[in-house]
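Below you'll find the structure, written out as structure tokens, and then a few comments.
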Amino acid sequence: MRVVILPNEKEASSFAAEFIENFIAQKENLVLGLATGSSVLLTYEELIKKHASNGLSFKKVTTFNLDEYIGLKPGHSQSYRHYMNHKLFNHIDIDKKNTYIPECFNEDYELCCANYESKIKSTGGIDLQVLGIGANGHIGFNEPTSSLRSRTRVKTLTENTIKNNARFFNDNELQPSIAVTMGIGTIMDAESILLIGLGKHKSKSVADLIEGPISSFCPGSVLQNHQNVVIVLDSLAASDLKLYDYYIHTEKMYLEFMG
Ligand code: GLP
């Protein structure tokens, strides 16, 4: 696990955007896993800037989002499809036909989830999965005690997650309490993983993820078992790490070593 701690969210997000840019440059037809929420917003803004200013192209990129609410009508302003279009896809040159979100509308949910898994497999699998982390340690919508080998499926959200995401919904708007999410096993199949953690409210789940025992109680802790993970944090999100100074030191050594 490479832990990169940067002074603030702007620098952490610039690092994340550059990291994604390098993957796009290195692999033709990159398959990119994407997240929603606030942690990735500045990173998406940076990617849009890179597209506009230095021609970073997404023409050959295919994307798979982690999750989507159940119960919102297509095009609903709080759907993750709407979020992705407005926060990223509408501003870059990606072919929207190559952007997948686990949207299931009044259908056989099991089949819909199985189809999502098959679609990921048929593209050759995810090369780089971008993740945020919930204050309760969730990745995607895999809430605490999710099976560490789970696949894409319907999950009931915890009260805590519903409360944390209420800020995105208006008072009179229906806020779904169930969602479809890639499973933890699905996420773990990605070749590489980049997790972005920002803000003091993430410091405990970040510490549990990096330094705690591997436990379904903190679903993100399973990443300790992945061979290729980079965690980029601002100093607030990193503030509960016991080995804080060590991570700063190892990153300095890593950069020196890599020239
Ligand atoms: C949300 C999303 C995740 C996201 C995480 C953190 O509920 N389902 O994809 O990464 O929880 O959200 P945020 O970045 O807004 O804190």
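Could you identify which residue out of Asn160, Asn225, Asn170 has the top mean-square fluctuation in a GNM of the chain using Cα springs shorter than 10 Å?
For the chain, modelled as a Gaussian network with Cα springs under 10 Å, the answer is Asn170.
Can you bin segment 184-259 into rounded, prolate or oblate? Criterion: square roots of the alpha carbon gyration tensor eigenvalues sorted a ≥ b ≥ c, rounded for a/c under 1.5, prolate for a/b above b/c, oblate for the rest.
Here segment 184-259 falls in the oblate category.
Quick check on segment 53-102: take the gyration tensor over C-alpha atoms, sort the square-rooted eigenvalues as a ≥ b ≥ c, and tell me if it's rounded (a/c under 1.5), prolate or oblate.
prolate
Order the following by accessible area, largest value first: Asp95, Asp127. Probe radius 1.4 Å; ligands, DNA and RNA are ignored.
Asp95, Asp127
Over segment 2-258, what number does the Rg to Rh ratio reach, with both radii from the alpha-carbon atoms and Rh per Kirkwood?
0.94
Below 8 Å between Cα atoms, with a sequence gap of 6+, how large is the relative contact order for segment 2-258 in percent?
Across segment 2-258, relative contact order equals 25 percent.
Relative to the present Cα-Cα distance, how much length would full extension add between Asn106 and Ala135 at 0.36 nm per residue of separation?
Working it through step by step, the gained length comes to 7.4 nm.
5 Å is the cut-off here: which amide hydrogens, built 1.01 Å from N in the peptide plane, fall below it relative to Ser192, excluding neighbours closer than 5 in sequence?
Counting only residues 5 or more places away or on other chains, the set is Leu128, Gln129.
Which trypsin sites (Lys or Arg not before Pro) in segment 1-63 pass both tests, a DSSP loop state and at most 12 other beta-carbon atoms within 10 Å?
Lys59
Where the centre of each part is set by its Cα atoms, how far does segment 59-110 sit from segment 217-259, in angstrom?
Comparing the Cα centres of segment 59-110 and segment 217-259, I get a distance of 30 Å.
If the elastic network links every pair of Cα atoms under 10 Å, which of Thr181, Thr63, Thr161 fluctuates the most in the Gaussian network model of the chain?
Residue with maximal mean-square fluctuation among Thr181, Thr63, Thr161: Thr161.
Going from most exposed to least, what order do Met188, Met84 have by accessible area with a 1.4 Å probe?
Result of the area sort, largest leading: Met188, Met84.
Leaving out ligands, DNA and RNA, and with a 1.4 Å probe, what % of the accessible surface on the chain is carbon or sulfur?
Carbon plus sulfur share of accessible area: 53 percent.
Over the Cα atoms, compute the radius of gyration (one decimal) and Dmax (the largest Cα-Cα distance, rounded to a whole number) for segment 1-146, in Å.
15.4, 46
Test of understanding: what is the full-extension gain from Ser53 to Thr123, defined as 0.36 nm times their sequence separation minus their Cα-Cα distance?
The span from Ser53 to Thr123 would gain 22.3 nm if fully extended.
Please go through segment 91-136 and write out the GluC sites (Glu not before Pro) that DSSP classes as loop and that have at most 15 other C-beta atoms within 10 Å.
Sparse-neighbourhood loop GluC sites (Glu not before Pro): Glu107.
Using the heavy atoms of the protein chains and a 1.4 angstrom probe, tell me the accessible area per residue for the chain in square angstrom.
48
From the cross-link list Lys97/Lys119; Lys27/Lys96; Lys27/Lys49; Lys97/Lys121; Lys50/Lys121, which pairs have alpha carbons spaced over 23 Å apart?
Correct reply: Lys50/Lys121.
Solvent-accessible area of Ser177, probe 1.4 Å, all protein chains present, reported in Å² to the nearest ten, please.
Its heavy atoms expose roughly 60 Å² to the probe.
Of Val232, Val180, Val61, which is the most mobile in a GNM of the chain whose springs link Cα atoms less than 10 angstrom apart?
Evaluated over the chain, the most mobile residue of the options is Val61.
The values are calculated or read from the model by the stated rules, or taken from the named source; none is laboratory data. Not measured: the values here are computed from a predicted model. So basically every Cβ, Gly included, is an ideal-geometry build from the backbone, and we count neighbours across all protein chains shown. SASA here: full protein model, heavy atoms, side chains in, ligands and nucleic acids out. Shrake-Rupley method; radii C 1.70, N 1.55, O 1.52, S 1.80 Å.
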